[in-house]
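Inspection log for the structure reproduced underneath, given as structure tokens.
The values are calculated or read from the model by the stated rules, or taken from the named source; none is laboratory data. What you see is a predicted model; the values in this text were computed from it and never measured. So basically every Cβ, Gly included, is an ideal-geometry build from the backbone, and we count neighbours across all protein chains shown. Each accessible area value is taken on the protein alone, full model and side chains, heavy atoms only, with ligands, DNA and RNA left out. Shrake-Rupley method; radii C 1.70, N 1.55, O 1.52, S 1.80 Å.
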There are 2 protein chains.
Amino acid sequence: MRIESCDTGSRLRTNSVSGVKSARIELMRVFNFSAGPAMMPQEVLERTQAELLDWQHTGMSVTEVSHRSKEFVACAARTEELLRQIMGIPENYKVLFIQGGGFGQFAAVPLNLTKPGDVVDFVLTGQWGIKATQEAKKFGVEVKVVADEKGSGYTTVPAQSSILPTPGAAYLHYTPNETIGGVEFGFIPETGELPLVADLSSTILSRPIDVSRFGVIYAGTQKNMGPAGMAVVIVRDDLLDRARPDTPSIWNYQKMAQADSMVNTPPTFSIYLLGKILEWIIEQGGLEGMALRNRTKAQTLYSFLDASDFYSNPVASDARSWMNIPFLTPAPDLNKQFVVEATAAGLTNLAGHRSVGGMRASIYNAMPQAGVEALIEFMKEFERVNA
Amino acid sequence: MRIESCDTGSRLRTNSVSGVKSARIELMRVFNFSAGPAMMPQEVLERTQAELLDWQHTGMSVTEVSHRSKEFVACAARTEELLRQIMGIPENYKVLFIQGGGFGQFAAVPLNLTKPGDVVDFVLTGQWGIKATQEAKKFGVEVKVVADEKGSGYTTVPAQSSILPTPGAAYLHYTPNETIGGVEFGFIPETGELPLVADLSSTILSRPIDVSRFGVIYAGTQKNMGPAGMAVVIVRDDLLDRARPDTPSIWNYQKMAQADSMVNTPPTFSIYLLGKILEWIIEQGGLEGMALRNRTKAQTLYSFLDASDFYSNPVASDARSWMNIPFLTPAPDLNKQFVVEATAAGLTNLAGHRSVGGMRASIYNAMPQAGVEALIEFMKEFERVNA
């Protein structure tokens, strides 16, 4: 299991006190640009580490405590309360913690919100929306793509005026941020009477959002909310009574709401870590603070890309993601070389998704401004040597 | 979120060097008898803690690394390989890591192995088997209970001769160990041509088992395999092609087998920790070593119960679980008092399941013999004071 080379992050390591690489006298952390699982706030990891064998003086790890214990029930309630407070979730919405990630919700949403034969509307701006349609089709619904940015190679978002919901459809689904293409909506689509369903996996908690505009928000946790293994589902309570009889119990929104997300044993460590991340967000100034931090990071990198003749980003200016920024050098071979050399310099996981290639910098909440600046410094040096 | 009292485990604390409770000069760990999430080996938690911010010199936490990184792909492959080696899993079986725990598999098994209208056989020895039938019924199968120990109050297991599989049924499902009642099979049922499906959640890895006797083994991880949030599924490869078209992709055995359990982002931390636990099992002498350890623990506690006029265990002698041992004092009020006082003495989570009351000692792999002995000492003292 040992990787052969221990040199990953060596550039950062030599920044340590003595410059002697073999003496691991301080913790070496890289800037991790992974699209998910992704970088977490170092403070959160340190706090978790400190109490990993004895949580809240219970003499147990949080991974070991019963989900029905008063300590853990309080922890889960506190995590939900913090999420409600930070996101401003209205009282008529339930917050659910469900196993299976965002992909699980691709199935759970049609199971909970449709009958066979219902029409469901989709707006497509990239690969994850397409995957969501493929999963929905399994459940006998009529998938209607009401807007599709295929023509631009999924580098644009549709105008509000071109999104025409189907009267009587069960809901309209869209992907506010497409992680692979780095394409993000600058607005929340108007859908009239239709419940709006959003896969917010890669942008939840990155800035304030008006939850009251949505019927269902779901998000895998592995980008802005901790490790992989859970989805957070925020569902308006008038949508709770529509589940098909054959919806698996642990994905049934109503049953999960009635059981405080404990129809089955919940992923306790994920709920605990989400709580820690929410506390960290409050320390950073809440979602206003995160928005400022994230807007600044994204603008810094886009400004550099726009001024460059060497690097390019294919996304339309009004559809650029704050979270995932793809970019290219002038040549495929140089892209590969870039990723290898960046990794050696402690800037990891910059390879683009295997379906598209190139590079992609995912700069979620936990990525500091210093990480973006280190990336830009590396990009300048790489250009100087290879242009 | 802070619990009001920090006295949990105080008896153990006063065993520390100076006996001064306020000075937390050494780590205080309790004996945790929780049925799941459950006690983990302390060595595993310590190793995890040590590398939580920098795993394998990547400069990243294992919770932060991409599931597609070469380090994590190697970690997942190594975890599977260790499980195969330790359990002796034949080559014609796939090993899958799936989100949703054992309860998710209550739905996933019928979705993967049946068509609507198929007969499925169940043997019932307790509450979890009953829950599995309730979930299976959602999917239009004919549930046939071929043996039901209701008559004994679920304190017995049926004889092999009374288990008569239905010709042509899709499979026969049983629960080798019922966690709530503490009822365990001493044999693997013969089912002829029918695939045998087992919910091994609370007994997997506790002793050697002949995997070749099974069609599907599934087990939630939160007892002998780490934190809650994942199921391990071991499926014979001739059963992979039967999934219904509307099986959610992340629960489709064939798709998951083809994708090395990465149809979606897997619960990376759970897979990593399972690997660490498997390494620990090897250090303990593998499943033979675990069996010796577990048999000894169970015999120690049952011998004490059998010799006692104060405590009792309701389970038939040939159906007693090695993992979950329920017991009672002569009076309900004394049971409650027992749980409270045991907790204060650092023996935690001894309350029986909320559906049955009384006490239950869950003594999974990670519980040392010393924990069982500490429990018995406490029981003796409690009896002396209260009998």
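The A-B contact accounts for roughly 6300 square angstrom of buried accessible surface, both chains included, probe 1.4 angstrom. Each Lys and Arg adds +1 at its Cβ and each Asp and Glu adds -1 at its Cβ; summed about the Cα centre, chain A shows a dipole of about 580 debye.
Rg over Rh for the stretch B:134-226 works out to 0.94, both radii taken from alpha-carbon positions and Rh defined as the Kirkwood radius. The equivalent ellipsoid that matches the C-alpha gyration tensor of the stretch A:59-114 spans semi-axes of 26, 18, 9 angstrom, in descending order. Inter-copy label distances for A:N92: 5.8 nm (label point placed 7 Å from Cα along Cα→Cβ; shortest first). Can you list the residues of the stretch A:204-245 whose accessible area drops by at least 40 Å² going from the chain on its own to the full set of protein chains, with a 1.4 Å probe? So the qualifying set is A:A228. For chain B, DSSP calls about 55 percent of its internal beta bridges antiparallel. Computed in the context of the full set of protein chains, the accessible area of chain B at 1.4 Å probe radius has 51% of its extent on carbon or sulfur. Rounded to the nearest whole angstrom, the semi-axes of the ellipsoid equivalent to the stretch A:70-282, taken from the Cα gyration tensor as √(5λ), stand at 27, 20, 15, largest first.
Per-residue accessible area (protein heavy atoms, 1.4 Å probe) orders B:D118, A:D333 as A:D333, B:D118, starting from the largest.
Taking a Cβ cut-off of under 15 Å around B:G352, the surrounding Lys, Arg, Asp and Glu residues balance to a net charge of +2, with basic ones at +1 and acidic ones at -1. Ignoring lysines fewer than eight residues from A:K276 along the same chain, the ones with Cα atoms less than 20 angstrom from its Cα are A:K70, A:K223. The heavy atoms of A:T300 present about 40 square angstrom of accessible area, all protein chains included, probe 1.4 Å. Within the listed set B:H173, B:H353, B:H57, the residue fluctuating most in the Gaussian network model of chain B (springs between alpha-carbon atoms under 10 angstrom) is B:H57. Using only side-chain charges placed at the Cβ, +1 for Lys and Arg and -1 for Asp and Glu, the dipole size of the stretch A:70-282 relative to its Cα centre rounds to 380 debye.
In percent, rounded to a whole number, the relative contact order of the stretch A:260-356 is 15, using alpha-carbon pairs under 8 Å and six or more apart.
Given N residues in the protein assembly as shown, what is its alpha carbon radius of gyration divided by 2.2 N^0.38 Å?
For the protein assembly as shown, the normalised Cα radius of gyration comes out at 0.97.
Once the partner protein chains are put back, the stretch B:28-60 shows a loss of at least 40 square angstrom of accessible area, versus the chain by itself, at B:R29, B:P37, B:L45, B:Q49, B:L52, B:L53, B:D54, B:Q56, B:H57, B:G59, B:M60 (probe 1.4 Å, ligands and nucleic acids excluded).
Here the contact order of the stretch A:178-219, divided by its residue count and restricted to Cα pairs under 8 Å and six or more residues apart, works out to 44 percent.
Among the GluC sites (Glu not before Pro) in the stretch A:163-269, those placed in a DSSP loop whose Cβ has at most 15 other Cβ atoms within 10 Å are A:E190, A:E193. Rounded, prolate or oblate: which one fits chain A, using the alpha carbon gyration tensor with axes a ≥ b ≥ c (rounded when a/c is under 1.5, else prolate when a/b beats b/c, else oblate)? Cα axes put chain A in the oblate bin.
The average projected area of the stretch A:248-345, computed from the convex hull of its Cα atoms over all directions, is 10.8 nm².
Taken per residue, the accessible surface of the protein assembly as shown reaches 36 Å², heavy atoms only and a 1.4 Å probe.
Its relative contact order, with pairs defined as Cα atoms under 8 Å and 6+ residues apart, puts chain B at 23 percent. The alpha-carbon of B:K255 sits under 17 angstrom from the alpha-carbons of these lysines, leaving out residues fewer than 8 places away in its chain: A:K131, A:K137, A:K138, B:K94.
What helices does chain A hold that run 30 Å or longer along their axis, going by alpha-carbon atoms, with a Kyte-Doolittle average of -1.0 or more, using DSSP H for the helix calls? Qualifying helices, which must be both long enough and hydrophobic enough, are A:286-307.
Can you tell which of B:A291, B:F214, B:Y154 lies farthest toward the positive end of the dipole of chain B, using +1 and -1 charges on the Cβ of basic and acidic side chains (Lys, Arg; Asp, Glu)? Highest projection toward the positive end goes to B:Y154. The residues of the stretch A:131-179 listed by number as losing at least 50 Å² of accessible area in the complex, against the isolated chain and with a 1.4 Å probe, are A:K138. The listed residues B:E71, A:E373 rank as A:E373, B:E71 when sorted by accessible area, largest first, using a 1.4 Å probe.
For the set A:E51, B:E283, solvent exposure ranked by accessible area (probe 1.4 Å, protein chains only) runs largest to smallest as B:E283, A:E51.
Across the options B:W55, B:I98, B:L83, the greatest Cα extent toward the positive end of the charge dipole of the stretch B:27-132 (unit charges at beta carbon of Lys, Arg, Asp, Glu) belongs to B:I98. Charges were assigned to the Cβ only: +1 to each Lys and Arg, -1 to each Asp and Glu. The resulting dipole of the stretch A:267-335 about its Cα centre is roughly 180 debye. Here the label points at B:Q42 and B:L164, each 7 Å from Cα along the C-beta direction, are separated by 5.4 nm in the simple model.
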